[in-house]
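A.B. asks: Please see the structure below; I have some questions.
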Amino acid sequence: MRHAVVIGASVSGLLAAAALSRIAERVTVLDRDRLPGEDVHRRGTAQSRHAHGLLARGLEVMELLLPGLTVELMERGAFGGDLQADCRWINEGRRLAPAPGRMPGLLVSRLLLEGQIRRRVSALPGVEVAGESQVADLTHSGDWVTGVRLVSGETVSAGLVVDASGRGSRMPAWLGQLGFPAPAEERVEIDLTYTTRVFRRRPDDLAGDPVVIMAATRAVPRAGVALAMEGDRWIVTIGGYGDAPPADLDSFVAYARSLPAPDIHELVSRAEPLDEGTHHRTPASVRRRYERLPRFPRGLAVVGDAVCAFNPIYGQGMSVAAVEALRLGEWARRDRPARELFRSIARVVDAPWDIVAANDLRLPGVRGRRTAKIKMVNAYLERFHRAAEHDTELGRRFLRVANLLDPPSALLRPACLFRVLRGGSDVVRGDTGDAVPAGEPSYPARHQN
Ligand SMILES: Cc1cc2nc3c(=O)[nH]c(=O)nc-3n(C[C@H](O)[C@H](O)[C@H](O)COP(=O)(O)OP(=O)(O)OC[C@H]3O[C@@H](n4cnc5c(N)ncnc54)[C@H](O)[C@@H]3O)c2cc1C
């Protein structure tokens, strides 16, 4: 392939370019924003002001696409840890039993991560990353897409155009202009508002643990994440389903007190604030079913949030984008119809989508289809989390699924079922942990103002 154009220079566009650079003679990545040389927030990725966790699978694949990235990020202040030993994962108000899990994680701000990926991709031979280049629509000849037209009127021709323009992608409308059908859209209406503040981090905060990830419960549909990041800082995001956490410090701290466990409140009530706080609203998780389209133009692909934009609280978007970039590269090498790529992407998206949809549909205000399967899985998971509070092996298995290393079905294997059933009513001894009476949460189930 002589030339590929990628629309969008955020995480999925840049990783797509990295994958395509191994196949195409030239790759041009276009973004409507001016792309700064240094790591500063920009309009097109407003989410960079909020906590971004990088899952183990995402880190693994980014490293495959851009070898040495992890070390470069660490040289710039990111730091590593063990996802089971060092992180406080709290489901149903209960902390997953900590234990050495041999599952490496990397703590890095979204700004630094995207900035470093951009620096690496821009330096790849044949790749150009161009800011201030907003794509207005596609150019085509019959059923073949031949390039893009910019709002400036300039056209850029390409053998392959990849849409990585995010949740707000205009691809459904562009397809209509070319006479092709738009993909069906699945939505889970979550009405989730994030409020984020940055604090100074002291080494003894939270007994040195650098991560808290706290899921919403049916009783308290509020979630929170506190991630240590470079520059001795915490980024703390709290999210309300159907309700907006306030940004001013006193109200933020009071809201944190109402989360399903006390850890984040403990942190923000003592730490020194470093900013004024910022909001972000996510109305829905959205999945566009490109793989089900009967017809699709040649020379065109779609990846990243443009295909599926998840509830951000599960931290999956960048990792899914990384795996999709690998699939895109494999597909482009074989020069097959787009349907094959979309089927392969659908297989990548299925598991994280099921995790997100099922979990969110536990919550009372969330709108979507509550199938019998979802209800059954959720009843099982509640029991699973009760047992995983004491059983380190269940904790390990949960983390492998949450980090996209294993499929969700791994939690239903007989070995897990047995431990879960035992854990609900028994004393469970984890592989590495001490015996703890099961059924007694290490945190009170609910903390209210
Ligand atoms: C609040 C929030 C928190 C999140 N937290 C996490 C997390 O913890 N972990 C995680 O893995 N993921 C998280 N995500 C998701 C993650 O940010 C995205 O999955 C990731 O950025 C990949 O998205 P993308 O590159 O497909 O699209 P985006 O990041 O939305 O980027 C789209 C890009 O396309 C450009 N663009 C748009 N239209 C055009 C056009 N017409 N022409 C040219 N350029 C255009 C934009 O300027 C932008 O740069 C979060 C998302 C949000 C909103």
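Bear in mind these aren't lab numbers, they're just calculated from the coordinates by the rules spelled out. Remember, predicted model here, so these are calculated numbers, not experimental data. So basically every Cβ, Gly included, is an ideal-geometry build from the backbone, and we count neighbours across all protein chains shown.
A.B. asks: What is the packing order of peptides 116-122, 249-255, taking the mean over residues of other C-beta atoms within 10 Å and listing the highest first?
C.D. replies: In decreasing order of mean packing, 116-122, 249-255 become 116-122, 249-255.
A.B. asks: Measuring from label point to label point, each 7 Å out along Cα→Cβ, what is the ARG289 to ALA184 span in nm?
C.D. replies: Going from the ARG289 label point to the ALA184 one covers 0.2 nm.
A.B. asks: Run the numbers for LEU249 and ARG422: contour at 0.36 nm per residue of separation, minus the present Cα-Cα distance, in nm.
C.D. replies: Full extension of this stretch gives 57.9 nm more.
A.B. asks: Further question on the same structure: So for segment 345-397, what are the equivalent ellipsoid semi-axes in whole Å, largest first, each being the square root of 5 times an eigenvalue of the Cα gyration tensor?
C.D. replies: 22, 16, 9
A.B. asks: Which cross-chain or sequence-distant (5 or more) residues have an amide H under 5 Å from the amide H of ARG95, H modelled 1.01 Å from N in plane?
C.D. replies: The answer is SER442, TYR443.
A.B. asks: Continuing with the same structure: Which order do the peptides 305-316, 361-372 come out in when sorted by mean C-beta neighbours inside 10 angstrom, highest first? Walk me through the intermediate numbers first.
C.D. replies: On the way: 305-316: 24.6, 361-372: 14.8.
Descending mean neighbour count gives 305-316, 361-372.
A.B. asks: Run the quick spin-label model on ALA173 and TYR380: label points 7 Å from Cα toward the beta carbon, then report their separation in nm to one decimal.
C.D. replies: Label at ALA173, label at TYR380, 4.3 nm between them.
A.B. asks: Enumerate the calculated ³J(HN,Hα) couplings along segment 12-21 in order (Karplus 6.51 cos²θ - 1.76 cosθ + 1.60, θ = phi - 60°), each rounded to whole Hz, writing x wherever the residue is Gly or Pro.
C.D. replies: Karplus-based 3J(HN,Hα) across segment 12-21 equals 6, x, 5, 5, 4, 5, 4, 5, 6, 5 Hz.
A.B. asks: Search the structure for amide H atoms under 5 Å from the amide H of ARG26, placed 1.01 Å from N in the peptide plane, and list their residues when 5 or more places away or on another chain.
C.D. replies: HIS3, ALA4
A.B. asks: Output ³J(HN,Hα) for segment 347-362: one whole-Hz value per residue in order, computed from phi by the Karplus curve 6.51 cos²θ - 1.76 cosθ + 1.60 with θ = phi - 60°, and x for Gly and Pro.
C.D. replies: Per residue, the Karplus-derived 3J(HN,Hα) values read 5, 5, 7, 3, 5, x, 5, 4, 4, 5, 4, 4, 4, 5, 6, 6 Hz.
A.B. asks: Given all pairs of different Cα atoms, what value in angstroms does the Kirkwood hydrodynamic radius of the chain take?
C.D. replies: About 22.6 Å for the chain.
A.B. asks: Return the long-range amide H neighbours of PHE79 (sequence gap of 5 or more, or a different chain), with a cut-off of under 5 Å between placed amide H atoms.
C.D. replies: Counting only residues 5 or more places away or on other chains, the set is LEU107.
A.B. asks: Place a label point 7 angstrom from the Cα of SER269 along the Cα-to-Cβ direction, then list the residues of segment 184-227 whose backbone nitrogen is under 11 Å away.
C.D. replies: The answer is none, because no backbone nitrogen lies closer than 11 Å to the label point.
A.B. asks: Ok, one more. Give me the one-decimal nm value for the distance between modelled label points at GLU128 and ASP232, 7 Å along each residue's Cα-to-Cβ direction.
C.D. replies: 4.4 nm
A.B. asks: Measure of size requested: the Rg and Dmax of segment 188-283, with Cα atoms as the atom set and Å as the unit; please supply both.
C.D. replies: 12.6, 39
A.B. asks: Now for a separate question. Can you tell me what percent of all Cα-Cα pairs in segment 12-115 are more than 17 Å apart?
C.D. replies: 63 percent
A.B. asks: Does anything in segment 161-191 have its amide N under 13 Å from the 7 Å Cα→Cβ label point of ARG369, and if so which residues?
C.D. replies: So the set is 184-188.
A.B. asks: Here is a follow-up. Once phi is turned into θ = phi - 60°, what whole-Hz ³J(HN,Hα) does the Karplus curve with 6.51, -1.76 and 1.60 give for every residue of segment 194-206, x standing for Gly and Pro?
C.D. replies: Residue by residue, segment 194-206 yields 9, 10, 10, 9, 10, 10, 6, 10, 9, x, 8, 4, 6 Hz.
A.B. asks: Could you work out how much longer the chain between ASP335 and TRP144 gets when fully extended? Use 0.36 nm per residue separation minus the Cα distance between them, nm to one decimal.
C.D. replies: 67.4 nm
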